[in-house]
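The structure appears below as structure tokens.
Every number in this text was worked out from the coordinates using simple rules, so none of it is lab data. In this text, all values refer to a predicted model and were calculated from it rather than measured experimentally. Cβ sites come from the backbone with ideal geometry, for glycine too, and all protein chains shown count toward neighbours.
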Amino acid sequence: MHNKEVDQFIINSPENIQDIIRQLRKLIFETSPNITEEMKWGKPCYIENGLVCYLQTAKQHVNLGFYFGAHLKDKDNLLQGSGKKMRHIRVNQLNDIQPEQFSALIREAIELET
């Protein structure tokens, strides 16, 4: 279910990345019908049995972040970052979105929380 705060967040984001945010949001909801959305720490966060992923915006791109990305298999080597837990995928344009691969990571992140 869409959160009104996230709707407003998208509207307030730079125009050139709004479609990227919308597509990633749609993909997250399509991946799991049980996932919930809320604003935490100034960004849209997605929760199912625990923290799964988030959308972090910048002027020219959007990061699809995973709270426990360091524990994901990431067979396609999409994840970036070197922290102890978190990893992200940098999405510069709509064409960068890989629905099957991103959904697989989201599903795996949900499974980590169960």
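Values as computed for the structure displayed
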{"quantity": "Fewest-first ranking of HIS61, HIS2, using other Cβ atoms within 10 Å as the exposure measure", "calculated": "HIS2, HIS61"}
{"quantity": "Cleavage-rule hits, trypsin sites (Lys or Arg not before Pro), region 40-78, DSSP coil, Cβ neighbours within 10 Å at most 12", "calculated": "LYS59, LYS73, LYS75"}
{"quantity": "Relative contact order (percent, whole number), region 4-112, Cα cutoff 8 Å, 6+ residue spacing", "calculated": "24 percent"}
{"quantity": "Relative exposure of CYS53, CYS45, judged by other C-beta atoms within 10 Å (fewest first)", "calculated": "CYS45, CYS53"}
{"quantity": "Cα pair distances of the chain binned at 10 Å [whole percent]", "calculated": "14, 52, 31, 2"}
{"quantity": "Lys pairs under 20 Å by Cα in region 11-114, provided they are eight or more residues apart or on distinct chains", "calculated": "10"}
{"quantity": "Burial ordering of ILE10, ILE110, fewest other beta-carbon atoms within 10 Å first", "calculated": "ILE10, ILE110"}
{"quantity": "Dipole moment magnitude, nearest 20 debye, the chain about Cα centre, only Lys, Arg, Asp, Glu C-beta charged", "calculated": "360 debye"}
{"quantity": "Sites matching chymotrypsin sites (Phe, Trp or Tyr not before Pro) across region 1-101 that sit in DSSP coil, with at most 15 neighbouring C-beta atoms within 10 Å", "calculated": "TRP41"}
